[in-house]
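The values are calculated or read from the model by the stated rules, or taken from the named source; none is laboratory data. Note that the structure is a prediction, hence the values are computed from the model and not measured. Because the Cβ atoms are built from the backbone with ideal geometry, glycine has one as well, and the counts that use them run over all protein chains shown.
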Amino acid sequence: MLTIDDLLGVLRDQLGLPVTADHADRALDEIPGWDSLHLLWLITTLETRTGRRIAMADFLEASTLSEIHDVATR
């Protein structure tokens, strides 16, 4: 199972984004260094880690890391 801490760790370790638990409920554009291209990278990474497909439409509607986590773990 992918926890929110796992998701934050992936963003820190693989993208170098300085995210903490405090960033989980912030709008994506409030995350330091966030770029819309990170969404494409993140969906493929999460699909690989979870072993299942994630609905792109649901993923694109997510506006926070917590919402992304919810979509990835449904």
- Query: Which members of the stretch 1-24 meet the condition of being of a type in the set (Val, Ile, Thr), within 13 Å of ILE68 (Cβ to Cβ) and either part of a helix (DSSP H, G or I) or over 12 Å from the mean Cα position of the chain (by Cα) (or both)?
  - Reply: ILE4, VAL10
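Residue-wise test of (1) at pLDDT below 95; (2) touching a Phe, Trp or Tyr at 6+ places or on another chain (Cβ under 6 Å); (3) at positive phi; (4) exposed (fewer than 13 other Cβ atoms within 10 Å of the Cβ).
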residue: VAL10; (1), (2), (3), (4): yes, no, no, no
residue: GLY51; (1), (2), (3), (4): yes, no, yes, yes
residue: SER66; (1), (2), (3), (4): no, no, no, no
residue: THR73; (1), (2), (3), (4): yes, no, no, no
- Residue list for the stretch 25-34, restricted to those being surrounded by 13 or more Cβ atoms within 10 Å (Cβ to Cβ) and either out of contact with any strand residue (DSSP E or B) (no Cβ under 7 Å at 6 or more places or on another chain) or assigned to a strand (DSSP E or B) (or both): ILE31, TRP34
- Of residues in the stretch 45-60 being of a type in the set (Ser, Thr, Tyr) and in contact with a helix residue (DSSP H, G or I) (Cβ under 7 Å, 6 or more places away or on another chain), the one farthest from LEU28 (Cα to Cα): THR50
- Message: Criterion first (surrounded by 16 or more Cβ atoms within 10 Å (Cβ to Cβ), of a type outside the set (S, T, N, Q) and touching a residue at least 40 places away in the same chain (Cβ under 8 Å)) does LEU17 satisfy it?
- Response: no
